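Here's the structure, in structure tokens; my notes come after.
A short reminder: the numbers here are calculations on the coordinates, not readings from a lab. On a predicted model such as this, the values are computed, not experimentally measured, just so you know. Here the Cβ positions follow ideal geometry from the backbone for every residue, glycine too, while neighbour counts run over all protein chains shown.
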Amino acid sequence: MKLMPVELTLEQQESQTVQTAEVHNVEVQNAEVQNAEDHNAESEEWTPTPPPTDLIFDDGEPLESNRHRIAMNALIEAVTLAYEGREDYFAGGNMFIYYSSKQARNRDFKGPDVFITLNVDGTKERQGWVVWEEEGRYPDVIIELMSPSTAAEDLGNKKKLYEQTFKTGHYFVYDPFAPESLQGWKLGENFRYEAIAPDDRGWLWCSSLGLWLGHWSGTILRETATWLRFYDEAGNLVKLSFELAQQEREIAQQEREIAQQEKDRADRAESDLQQEQLEKQQEKERADRAEAALAAEREQKQKLRDRLQALGIDPDQLV
């Protein structure tokens, strides 16, 4: 059966027109909202403001080894000691760096083993480094402590990130179990990394810090290895706290030894003086005894002459 078209009343036509307009308005509003969300999503990449409670600062993953942990702490402590008295820098390690809201949402954690940011408030407490809370500042120096399982990432994706996104001035890598692994790069004028040539000692100069990075063989926290250490511009090792304490103990011991040596010399000098005085006294006493004996002899001779003369005998005439 063929259905015949139904003619709508004027009131029904007006109602249908209103409904159509409302649907159109809703569609326009939805489109505007979607455009606004898309625009916000694009702009949010560079101006993220997630609340601090949304950020994770600990993934619970340990460092590769105890040696890696010691190496990280030693480098951070050395910077702190090299910059003693300064409050215009921050040195951190094994802590997350948040640089975009997309990264934060994706839980794409980036936690360099060691990083230093200059010309910032060093007294501020930080759980991590949140770029948009640091006036857009990225680390000036990053050091990654490699291992066979991380080398490809450290030399690949991370290096690219630090070069192109962070634009970190100096980037170094080192495997605490492989001394020959030390490499470094400096951001060039074209904002691309250029390899830093080592000097005759195999050290790399970090102009951002005004320090050398080089090898040092010895024991730290009962672990003996070839460590990555900081040296000042003159080539002096930036000593760690335990080394400074040991140095102070050695200096104090040397001072005690010097003081004891001085005392021993003074005692010997006093003893020599006393011995000299004793010898002089003994010499004087010998001289006094000799003088007394001579005087007694003269007196005895004089008495004998007097007796002879009393007897009328000239002593000088006696043979």
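Expressed as a fraction of 2.2 N^0.38 Å, the value expected for a compact globular protein of N residues, the C-alpha radius of gyration of segment 54-238 is 0.98. Amide H contacts of Val130: Tyr98, each under 5 Å away and 5 or more positions distant or on a separate chain (H built 1.01 Å from N in the peptide plane; Pro and chain starts excluded). Using the Cβ of Gly210 as centre and a radius below 10 Å, the other residues enclosed give a net charge of -2, where K and R count +1 and D and E count -1. Count Lys and Arg as plus one, Asp and Glu as minus one, and take only other residues whose Cβ is under 15 Å from that of Lys124; the net charge is then -4. In this structure, the amide hydrogen of Gln183, modeled 1.01 Å from its nitrogen in the peptide plane, lies closer than 5 angstrom to those of Val173, counting only residues at least 5 positions away or on a different chain. Computed over neighbours whose Cβ is under 15 Å from that of Ala151, the net charge equals -4, Lys and Arg +1, Asp and Glu -1. Computed log10 I(q)/I(0) for segment 96-161 at 0.25 Å⁻¹: -1.24, from the Debye equation with unit scatterers placed on every C-alpha and solvent omitted. A quarter of the convex hull surface defined by the alpha-carbon atoms of segment 167-259 gives 7.8 nm² as the mean projection.
Exposure proxy for Trp216, Trp227: other Cβ atoms within 10 Å of each Cβ, ordered fewest to most, give Trp216, Trp227. Using only the alpha-carbon atoms of segment 240-312 as identical scatterers, what base-10 log of I(q)/I(0) does the Debye formula give at q = 0.16, 0.17, 0.23 Å⁻¹? Log10 I(q)/I(0), no solvent term: -0.78, -0.81, -0.96.
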